[in-house]
Every structure is written in structure tokens, then in C-alpha cells.
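The values are calculated or read from the model by the stated rules, or taken from the named source; none is laboratory data. Just so you know, these numbers come straight off a predicted model, no measurement behind them. Cβ coordinates were reconstructed from backbone atoms using ideal geometry, including for glycine residues, and neighbour counts include every protein chain displayed. Note: accessible area is taken over every heavy atom of the protein model, side chains too, but ligands, DNA and RNA are not part of it. Shrake-Rupley method; radii C 1.70, N 1.55, O 1.52, S 1.80 Å.
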Amino acid sequence: MTHMNNPRRVHPAAEMYAREFKQGLMDRREFLTRATALGLSAGAAYALGGLGSPAQAAAHAQQGGTMRIQQEVRAIKDPRTMDWTQISNFTRGWLEYMVEYNRDGSLRGLLLEGWSTNDNATEYTLNVRPGVTWNNGDPFTADDVVRMFEYWCDKEVEGNSMAGRMATLIDASTNKLIAGAVTKVDDMTVSVKLPAPDISIIVGMADYPAAVVHSSHSGDAADMLANPIGTGPYLPESLEVGVKGVLVRNENHNWWGATAEGIGGAYLDRIEYIDYGTDPASWISAVESDEVDMLYQNVNEFIDIADAIGWEKSEVVTGATVVCRFNQQTLVGDSAPYADVRVRQAVSQAVDNSVVLDLGYAGLGVQADNHHVAPVHPEYADIGRPIFDPAGSVALLEEAGMADFEHELITLDDGFTKNSGDAIAAQMRDAGISVKRTILPGSTFWNDWAKYPFSITEWNHRPLGVQVLALAYRSGEAWNESGYANPEFDALLNEAMSIADADARRVVMEKIETLFRNDAVIIQPYWRSLYRHYKAGVVGAEMHPSFEIHVYKLGFAA
């Protein structure tokens with residue numbers, strides 16, 4: 001239940017969302033995300049929306065076995081600074097989450113048993129799940145929850161993107177958690193009081209950098225592997241970056257999920273992440289030679305090939321995307337070429353996003369409109385297509401004194417971001433804009449992904465449109481790779497994040513999208529449908545909208 005003063009009462013906003021869902025005003029995933037973020041259980045949300053029962057975990061899986069997963073194997077980091085889902089898919093073996101975001105859009109408690117909020121989303125009560133222990137025997141309690149908020153809200157830590165998700169709780173004068181904002185009520189209860197409404201706190205706790213660490217955590221990656229204290233059912237056996245990472249069952253840990261209602265799992269003895277690089281052709285070769293049991297994802301023409309091989313395909317329509325962004329602060333020589341909005345606009349209006357969708361991603365998605373809010377987001381506002389006027393691009397560059405400037409578009413050497421970069425560069429040349437292409441291997445590209453003057457980056461789906469805008473474009477955030485800093489945008493975004501009702505939030509979002517696109521911050525060609533293939537008999541491996549692999553759900557059919 002969801003109301004703080006009367007735990008048996010359903011939050012009034014959840015009832016409103018159910019009415020809107022039944023009237024066809026929002027889709028199933030949107031309804032489930034909104035309702036469960038208010039503290040409604042997935043089962044209660046399904047009942048409120050008249051949806052029957054949520055899908056159950058793979059109870060038909062056999063115990064034991066080794067699962068081999070194609071996935072890039074990257075160095076692990078202090079979780080709050082993780083910048084790729086692949087890192088977290090490995091650490092999920094022993095580092096768990098308080099809240100889990102599922103592929104149907106619902107949120108459910110893991111280390112939290114549940115939560116409730118007041119009507120205007122300024123107070124949350126978090127209930128710790130009983131019976132959870134760390135693998136060193138320590139109990140997981142409210143003290144751990146309070147400590148995690150302090151850990152997430154430390155804005156002084158370089159690369160801490162969780163600070164962006166918890167911005168409402170950070171004292172601007174100290175860059176730390178506001179004193180008294182998160183307090184222990186008793187060993188199993190925590191109170192969170194915000195200075196202003198924020199609808200994104202719970203969903204932010206489900207994002208992959210929110211992995212829960214022990215009080216002994218030092219933030220040192222080597223220590224994380226040497227001393228892997230967590231609450232999860234597995235332990236890291238080995239990690240060789242770019243080659244293989246192995247998890248093995250922790251036989252000495254009484255994992256809480258084995259007996260928790262609606263959880264279960266941890267069927268496998270061993271999970272191997274094997275790195276075949278970024279070329280999808282090598283992934284398919286591994287499939288054909290029976291070296292793997294599932295793929296992290298599949299893309300472009302290789303989807304049809306895996307279908308033809310006979311593997312199972314899982315698809316999800318998402319807010320995952322790629323953005324071709326200009327870094328407005330990075331210097332090229334002694335000047336920042338993309339600080340001038342005329343330069344950014346000249347390049348943006350030379351590109352037809354529908355062409356990039358076709359050539360870059362084989363049409364497997366929907367066209368985007370250069371503002372990074374997706375039609376699947378509850379507060380999405382349709383502001384129409386961006387300007388496509390290649391004939392006017394050179395005039396804008398001449399006005400900015402940049403007609404002779406040679407742009408350098410940098411991308412990864414994978415399938416779709418490389419192809420998308422090629423499609424954008426070709427259209428720039430057609431418009432008379434000089435551009436060269438630089439294609440880097442993953443081992444090089446990711447070292448400086450946030451600093452390139454002009455490059456393409458892949459972005460994961462998030463349940464709310466305001467979430468990704470806060471992470472990627474609010475002034476000073478760790479993941480602000482465009483160097484965008486606009487006080488008007490920041491103020492509008494803060495206003496939107498305080499509005500629980502999506503329809504009311506959409507009014508503000510229309511202003512945000514328009515301002516953002518007029519500032520020509522990014523070229524965003526498409527929203528991706530995501531695909532994952534796996535061998536017949538693999539269970540719990542369905543594609544997740546944020547590429548997450550919930551390792552405790554994996555197994556082989558009995």
C-alpha cells in the first residue's frame with residue numbers, strides 16, 4: 001500500500017493512473033512504472049489496472065549448470081561511478097539493489113520490502129526486507145540504507161552519477177546529503193524527507209550505478225574483487241578485462257532471495273561473461289560454434305541471422321537511443337567550436353533522422369526528434385519534427401565564421417553507432433560541410449567518451465523522461481557529455497521533477513523539449529527496439545529495456 005498515514009489506502013495518484021490506463025491514455029509499461037514508483041506492489045498494480053497477474057520467475061528451471069554469455073568484459077568501478085551496464089551485470093552477482101526495474105515497467109523491492117510516499121512526493125518511508133544478510137554474516141539494516149544515501153549524495157566524488165539522481169537531497173553548500181533528510185526510524189525503517197517534491201527518487205534507486213555496497217567498501221576496484229562483500233548469491237571467481245569474467249555460486253552464503261516470496265532463483269552454479277569485441281559478426285560466429293548460450297544484445301542484419309539459426313528472440317520497445325552530441329566546452333586547438341549555437345544548428349539541420357534510422361539501425365526503431373524524451377516516457381510532449389534544411393547549413397556556418405572548419409565525428413567501431421555516424425557524416429558532406437570520420441575500438445573510445453568534441457554515444461532507457469535529462473544535460477552533472485549549461489533549462493527541469501502528475505508535467509516538458517532543441521544540443525536520430533537472442537532452453541534471459549541481466553533469474557529449463 002502506498003499512503004504514509006494509512007498503509008491500507010492506495011495512493012490517490014495510483015488510482016488516477018489506473019483510470020487513465022483503462023481509458024487508453026497511457027500504455028501498460030507507463031502505468032506500471034508510475035504505480036509501483038508510488039509504492040504499490042507489482043501484484044497490486046496489475047490488479048488495479050485489471051491486468052491479471054505479473055509474470056512469475058522461471059520456477060521450471062533446473063538447479064545447476066554453467067551459462068556462457070557474450071558481453072563486453074570491462075573493468076569494475078566503485079558502483080556509483082559505473083558508466084556502462086555491462087560492468088553492473090557482472091557485479092550483480094554479489095552487489096544487489098534496493099529496488100529492481102523489470103521489463104514490464106514495474107518496480108519491486110529487493111533489499112527493500114516496500115516503500116510508501118505522501119501525496120506530493122516529499123516524504124518517503126522505506127521498509128527494509130527482513131532476513132537479508134551480507135555474505136560476511138552482518139545483517140542488512142536501516143543503518144545500511146541511510147549510509148547508502150550518504151554514499152550516493154557525495155557530489156565531491158568524481159564521476160558519481162548517483163549524485164545527479166539524488167540531487168534534491170544534496171546540500172548545495174556542502175555537496176553532501178542534507179543533514180536530517182534521511183533518518184533511521186528503527187532497524188527496519190528509514191524516513192526520507194525532501195525539501196521539494198521529487199518523483200524520481202525510487203526509480204533512481206533501481207538504476208545500475210545504485211548497487212548496494214557494504215560499510216567496509218573502500219571504492220577501490222581491486223579491493224572489490226579481493227574482498228567481495230555483498231548480499232547476492234554469487235561471488236567473482238575471476239575478471240580478465242576484454243576476455244572473460246566469471247561468477248560462481250557462493251556456497252557459504254544463505255541468500256535471502258531463495259526463500260523470499262516472488263523472488264527465488266540463483267539456479268546456476270557458474271556464469272561466464274565472454275568478450276567477443278564490438279563487431280556483431282564475431283558474436284554470431286560464437287553462436288554458430290556453440291561457444292555461448294545467450295547474447296547481451298543483437299543488432300541490425302544479425303537479428304535475422306540469429307533467427308535463422310533457430311535461437312529464441314526477445315524484443316522490447318524502449319527509450320534506448322544514440323545521440324550525436326556536440327561538446328560545447330571541449331577545445332579544438334584554442335577554441336571551442338561547438339560553443340556557438342549557429343555551428344550546432346548548421347550541422348543538426350543538415351541531417352534527416354529518418355535516413356540515419358534506415359542506414360544506421362536498419363529501420364529497427366522509431367525516428368527521434370533531437371530532444372531525448374521518448375514517446376514511451378509518461379511526460380513526452382510531441383513538438384513535431386526538427387528542422388531539416390541542409391541548404392541553409394553553409395550560410396549559418398559562414399555567419400559563425402566556421403565555413404572552412406573541418407569537423408571530426410568520432411564513433412565506436414561497432415555496428416550501429418558506426419553506421420549511424422557514417423550516415424550523419426554523408427549527409428553533412430551533401431550539405432557542403434567538411435567532416436572526417438574517426439572510428440575507435442572500444443578499448444580506446446570509452447576512455448574519453450565524455451570529452452570528445454563531436455561524437456556518438458549510446459544511452460540506456462530510463463523509466464521517466466526527466467531522469468535522463470537530469471543525468472545527461474543538467475549543468476555540472478557527471479554524465480553531462482555535451483557540456484550543456486543553461487540555467488533556464490535547469491530551472492524548468494527541476495520544476496518538472498517536482499510534478500507527480502504526468503499530464504501536468506507534460507506542460508513543462510513541452511517547454512523543456514523546445515528550449516533544448518532550439519539550443520541544438522544533440523542530433524538524436526532514433527529510438528531503438530532492443531533485441532536479445534538465446535539458445536532454446538535458456539530461461540530468465542529476456543531482453544531488459546536497460547540491458548540489465550538479472551543473474552539470479554538465469555537458468556536452464558528443467
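Of the numbered conditions (1) open to solvent by less than 10 Å² (accessible area, probe 1.4 Å); (2) at pLDDT below 95; (3) within 23 Å of residue 424 (Cβ to Cβ), residue 479 satisfies every one except a single condition; which is it?
(1)
Just checking, which of 117, 125, 66, 91 is β-branched (Val, Ile, Thr) and modelled with pLDDT under 95?
When all the criteria are applied, what remains is 117.
Filter the stretch 512-546 for residues that are open to solvent by 10 Å² or more (accessible area, probe 1.4 Å) and aliphatic (A, V, I, L, M); which is farthest from residue 268 (Cα to Cα)?
Among those residues, the one meeting the criterion is 515.
When only residues in the stretch 391-414 that are touching a Gly at 6+ places or on another chain (Cβ under 8 Å) and not aliphatic (A, V, I, L, M) count, which is modelled with the lowest pLDDT?
My answer is 414.
Please list, ordered by first then second residue, the pairs with beta carbon atoms under 9 Å, 6 or more apart or interchain, first in the stretch 16-27 and under 9 Å from residue 502 (Cβ atoms) and assigned to a helix (DSSP H, G or I), second among the acidic types (Asp, Glu) and at pLDDT below 75.
Close Cβ pairs satisfying both conditions: 17/30.
Do you know which of the residues in the stretch 76-88 that are more than 13 Å from residue 549 (Cα to Cα) and open to solvent by less than 10 Å² (accessible area, probe 1.4 Å) is modelled with the lowest pLDDT? I'd like the intermediate steps shown before the answer.
Quick first cut of the stretch 76-88, residues more than 13 Å from residue 549 (Cα to Cα) only: 76-83.
Filter once more, keeping what is open to solvent by less than 10 Å² (accessible area, probe 1.4 Å): 79, 82.
Values: 79: 97, 82: 94.
Selected residue: 82.
What are the pairs with Cβ atoms under 6 angstrom where one residue, in the stretch 491-504, is in contact (Cβ under 8 Å) with a residue 12 or more places away in the chain and the other, located anywhere, is open to solvent by 30 Å² or more (accessible area, probe 1.4 Å)? Sequence gap at least six, or different chains.
Pairs that qualify, where the first residue is in contact (Cβ under 8 Å) with a residue 12 or more places away in the chain and the partner is open to solvent by 30 Å² or more (accessible area, probe 1.4 Å), are 492/511; 498/196; 498/197.
Contact list please: Cβ distance under 6 Å, first residue in the stretch 83-106 and touching a residue at least 60 places away in the same chain (Cβ under 8 Å), second residue of a type in the set (S, T, N, Q), pairs at least six apart or on different chains.
86/71; 96/231; 105/33; 106/36
Can you tell me which residue within the stretch 171-223, out of those that are among the hydroxyl-bearing types (Ser, Thr, Tyr) and in contact (Cβ under 8 Å) with a residue 60 or more places away in the chain, is farthest from residue 105 (Cα to Cα)?
My answer is 215.
Of all residues in the stretch 207-223, count the ones that are of a type in the set (A, V, I, L, M, F, W, C) and modelled with pLDDT of 95 or more.
Pass one, the stretch 207-223, residues of a type in the set (A, V, I, L, M, F, W, C): 210-213, 221-222.
Then keep just the ones that are modelled with pLDDT of 95 or more; that gives 210-213.
Residues meeting the conditions: 4.
Name every residue in the stretch 101-158 that is part of a loop (DSSP other than H, G, I, E, B), aromatic (Phe, Trp, Tyr) and surrounded by 21 or more Cβ atoms within 10 Å (Cβ to Cβ), in order of residue number.
140
Out of the stretch 276-329, which residues are among the charged types (D, E, K, R), within 24 Å of the chain's Cα centre (by Cα), farther than 25 Å from residue 104 by Cα and modelled with pLDDT under 95?
279
Would you tally the residues in the stretch 267-294 being in a helix (DSSP H, G or I) and polar (S, T, N, Q)?
Total meeting the criteria: 2.
Restricting attention to the stretch 110-130, does a residue exist that is more than 30 Å from residue 28 (Cα to Cα), touching a Lys or Arg at 6+ places or on another chain (Cβ under 9 Å) and touching a residue at least 24 places away in the same chain (Cβ under 8 Å)?
The answer is no; no qualifying residue exists.
Suppose the filter is touching a helix residue (DSSP H, G or I) at 6+ places or on another chain (Cβ under 8 Å), open to solvent by 10 Å² or more (accessible area, probe 1.4 Å) and in a loop (DSSP other than H, G, I, E, B); does residue 93 pass it?
On the way: touching a helix residue (DSSP H, G or I) at 6+ places or on another chain (Cβ under 8 Å): yes; open to solvent by 10 Å² or more (accessible area, probe 1.4 Å): no; in a loop (DSSP other than H, G, I, E, B): yes.
Judged against the criteria, residue 93 is not a match.
I'd like to know if the stretch 428-442 contains one or more residues that are closer than 15 Å to residue 374 by Cα and in a strand (DSSP E or B).
So far as the stretch 428-442 goes, no, none of its residues is closer than 15 Å to residue 374 by Cα and in a strand (DSSP E or B).
Here is a list of conditions, (1) part of a strand (DSSP E or B); (2) at pLDDT 95 or above, and residue 513 meets all of them except one; can you say which number that is?
Answer for residue 513: the failing condition is (1).
For residue 473, indicate whether it is at pLDDT 95 or above, open to solvent by 10 Å² or more (accessible area, probe 1.4 Å) and of a type outside the set (A, V, I, L, M).
no
Suppose we filter the stretch 455-502 for residues that are over 20 Å from residue 204 (Cα atoms), touching a helix residue (DSSP H, G or I) at 6+ places or on another chain (Cβ under 7 Å) and in a helix (DSSP H, G or I); how many remain?
Final tally of qualifying residues: 2.
So, residue 430, is that one free of Cβ contacts under 8 Å to residues at least 60 places away in the same chain and among the charged types (D, E, K, R) or not?
Criteria not met by residue 430.
Could you please let me know if residue 259 is over 30 Å from residue 177 (Cα atoms) and under 23 Å from the mean Cα position of the chain (by Cα)?
no
Before we move on, is residue 424 at negative phi, over 23 Å from the mean Cα position of the chain (by Cα) and at pLDDT 90 or above?
yes
Out of everything in the stretch 28-63 that is at pLDDT 75 or above and open to solvent by 50 Å² or more (accessible area, probe 1.4 Å), what residue ends up being nearest to residue 379 (Cα to Cα)?
Filtering the stretch 28-63 for residues that are at pLDDT 75 or above and open to solvent by 50 Å² or more (accessible area, probe 1.4 Å), the one nearest to residue 379 (Cα to Cα) comes out as 28.
Condition first: more than 21 Å from the chain's Cα centre (by Cα) and either modelled with pLDDT of 95 or more or open to solvent by less than 60 Å² (accessible area, probe 1.4 Å) (or both). Now tell me which residues in the stretch 482-497 satisfy that. Before you say what the answer is, go through the steps one by one.
Restricting attention to the stretch 482-497, the residues satisfying the condition of being more than 21 Å from the chain's Cα centre (by Cα) are 485-489, 491-492, 495.
Correct list: 485, 486, 487, 488, 489, 491, 492.
Could you say which residue among 299, 322 is surrounded by fewer than 21 Cβ atoms within 10 Å (Cβ to Cβ) and touching a residue at least 12 places away in the same chain (Cβ under 8 Å)? Break it down stepwise before answering.
Details: 322 fails: surrounded by fewer than 21 Cβ atoms within 10 Å (Cβ to Cβ).
None of the other options fit; the residue is 299.
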